[in-house]
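S.K.: Before anything else, here's the structure in question.
Values in this text are rule-based calculations from the coordinates and carry no lab data. Since the structure is predicted, the reported quantities are computational estimates derived from the model, not experimental observations. Here Cβ is always computed from backbone atoms with ideal geometry, including for glycine, and neighbour counts include all displayed protein chains.
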Amino acid sequence: MTDPIIQTITPVAHDLGAFEVRRAIPSRQRTMVGPFIFVDQFGPAHLPPGTAMDVRPHPHINLATVTWLFEGAIDHRDSLGSFATIRPGQVNLMTAGSGIVHSERSPETERPGGPHLYGMQTWLALPDGCEEVPPAFEQVTRLPVIEDVCATATVIMGTLWGKTAPTTQHAATIYAEILLAPGGTLPIDAEADERAVMLVGGQASIDGLPLALYDLVVLAPGAVLKLQSESGGRVMLMGGEAFTTKRHVWWNFVSSSRD
């Protein structure tokens, strides 16, 4: 029997004082899963009243950022003039392309009682020929949801379980949040070149093998696998087409060229 797991990456935790960020990739073990070149999980955290998350304006090039929240809210502003407050169930996709500057802050309305922070920040590498596309921003508030008796999945990007998210893709991408009630199961599609799951809350297993909290677990290609939970859990599924050319990461920049 083929092992459903080909690699397990334990993220590096960064204590930012009021909350913790766990970075799974890039790592020494692996730099990408499909187009995903940067995977951060943050929280859950409840910041003290009167404090906030304030990520000041900073640049990006040759990548797309994807923000997804389980709890809380974040204000996005960028050099295109875009402004949006992201909340759970919505996705913010910012395509940096040839260059963009943005900030991320807790909304003013969240600060008096102390903001909640719990979610994912990921970067997608842009494919050859698309790295220098014009910058763009979109917030998608209506995403397909698959509901079963003991499982609910939101398709954030790509096509999964017969449903396609309207979120823009530059390379073939799959991204979903899966909520399993006690006894819940859900098949993991086999179509993507590369796939990984991350347990971000509760308990779950893949083909009977337990998932450790926050580990990024890279799955064997080409097989339909079964995600299940005995007591309930929250799992992120991500992946997509394998890149054939290397990507270089420096600070907030990604490129196929070292120059």
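S.K.: Considering only CYS150, ILE74, ILE178, whose Cα is most displaced toward the positive end of the charge dipole of the chain, charges sitting on Cβ of Lys, Arg (+1) and Asp, Glu (-1)?
M.R.: Towards the positive end, the residue furthest out is ILE74.
S.K.: What is the fewest-to-most order of ASP193, ASP3 by other Cβ atoms lying within 10 Å of their Cβ? It would help to have the intermediate numbers written out before the result.
M.R.: Values: ASP193 15, ASP3 9.
Listed from fewest to most nearby Cβ atoms, that is ASP3, ASP193.
S.K.: Averaging over every viewing direction, what projected area does the convex hull of the Cα atoms of the chain cover, in nm²?
M.R.: Details: hull surface 54.3 nm².
Mean projected area of the Cα convex hull: 13.6 nm².
S.K.: In whole Hz, what ³J(HN,Hα) sequence does segment 159-170 give by Karplus (6.51, -1.76, 1.60; θ = phi - 60°), x for Gly and Pro?
M.R.: Coupling constants for segment 159-170: 10, 9, 6, x, 10, 10, 6, x, 5, 4, 10, 9 Hz.
S.K.: Can you grab the distance from the C-alpha centre of segment 135-190 to the C-alpha centre of segment 12-84, Å, no decimals?
M.R.: Their Cα centres are 20 Å away from one another.
S.K.: Further, regarding this structure: To the nearest 20 Debye, how big is the dipole of the chain about its Cα centre, given +1 on the beta carbon of each Lys and Arg and -1 on that of each Asp and Glu? Please list the in-between numbers first.
M.R.: On the way: 17 positive and 27 negative charges, 57 e Å.
Around 280 debye, computed over the chain.
S.K.: Can you pull out the trypsin sites (Lys or Arg not before Pro) in segment 1-81 that DSSP calls coil and that have at most 14 other Cβ atoms within 10 Å? Can you show the working numbers first?
M.R.: On the way: sites: ARG22, ARG23, ARG28, ARG30, ARG77; in loops: ARG28, ARG30.
Sparse-neighbourhood loop trypsin sites (Lys or Arg not before Pro): ARG28.
S.K.: Okay, next question. What does the extension gain come out to for GLN29 and VAL12, with contour length at 0.36 nm per residue minus their alpha carbon separation? Spell out each step's value before the answer.
M.R.: Numbers: separation 17, 0.36 × 17 = 6.12 nm, distance 1.21 nm.
That works out to 4.9 nm of additional length.
S.K.: Calculate one ³J(HN,Hα) per residue across segment 13-22 by plugging θ = phi - 60° into the Karplus curve 6.51 cos²θ - 1.76 cosθ + 1.60, and present them in order as whole Hz with x for glycine and proline.
M.R.: Here the 3J(HN,Hα) series is 8, 10, 7, 9, x, 7, 7, 10, 10, 10 Hz.
S.K.: Rank LEU63, LEU80, LEU117 by mean-square fluctuation in a GNM of the chain with C-alpha springs under 10 angstrom and give only the top-ranked residue.
M.R.: Answer for the Gaussian network model of the chain: LEU80.
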